[in-house]
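Comments concern the structure below.
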Amino acid sequence: MTAYEPCPSPAVVKCTSQLARLPSGGWVAALPGQSTLWPAGREWDAVRLGPDAAAMVYEHMCGATHGDPGPVLLDPYAGWHYWLVRPGATASWKLPGVVCRSTGSWVTVVHAARTAGPGPHWLNPPRPDGRLTHAVLLHAAIRAVVGP
């Protein structure tokens, strides 16, 4: 599997933690074909990985979540993958090759229906219930791929 293939299973992991929930809202661009800069640190923080590790982390996350790794945005021009996690979840993260975007940072976000290029698109789009990527599972997947 590559980072550009959807997870093999559409199964949903039931996560009772408030850490992986986001109130349903309009933080994705309103119209298909549009993109918008959105401030990190409000509804979510963004965890950015480069192309070298991102495909393997995506694979780990698909396995750990039974096919629902949470919202993952791809910028194919730079090769960056962004996982959206609850605000503040990455405050203590210090992992090689990982950039955590929070308050004071901005991320280009596209409409939830944009799941193919050209340009930025969702590898795994945001869900209507607003669930975010499970930060603890993501941290473990990144450590498994890039080391401590």
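Against the conditions (1) part of a loop (DSSP other than H, G, I, E, B); (2) modelled with pLDDT under 90; (3) not polar (S, T, N, Q), where does L19 fall short? Just the number, please.
Condition not satisfied by L19: (1).
Exactly one of these conditions fails for A54: (1) under 24 Å from P118 (Cβ atoms); (2) aliphatic (A, V, I, L, M); (3) touching an Asp or Glu at 6+ places or on another chain (Cβ under 8 Å). Give me its number.
With (1) under 24 Å from P118 (Cβ atoms); (2) aliphatic (A, V, I, L, M); (3) touching an Asp or Glu at 6+ places or on another chain (Cβ under 8 Å) applied to A54, the lone miss is (3).
I need every pair where a residue in the range 91-106 that is of a type outside the set (V, I, T) has its Cβ under 8 Å from the Cβ of a residue that is at pLDDT below 90 and part of a strand (DSSP E or B), sequence separation at least 6 or different chains.
Pairs found: W106/L37; W106/W38.
When only residues in the range 37-75 that are surrounded by 15 or more Cβ atoms within 10 Å (Cβ to Cβ) and more than 21 Å from A140 (Cβ to Cβ) count, which is nearest to the chain's Cα centre (by Cα)?
The selected residue is L74.
So which residues in the range 130-148 are modelled with pLDDT under 90 and within 15 Å of the chain's Cα centre (by Cα), if there are any at all?
Scanning the range 130-148 gives G130, R131.
The values are calculated or read from the model by the stated rules, or taken from the named source; none is laboratory data. Worth saying up front: this structure is predicted, and the values here are computed from it rather than measured. Cβ sites come from the backbone with ideal geometry, for glycine too, and all protein chains shown count toward neighbours.
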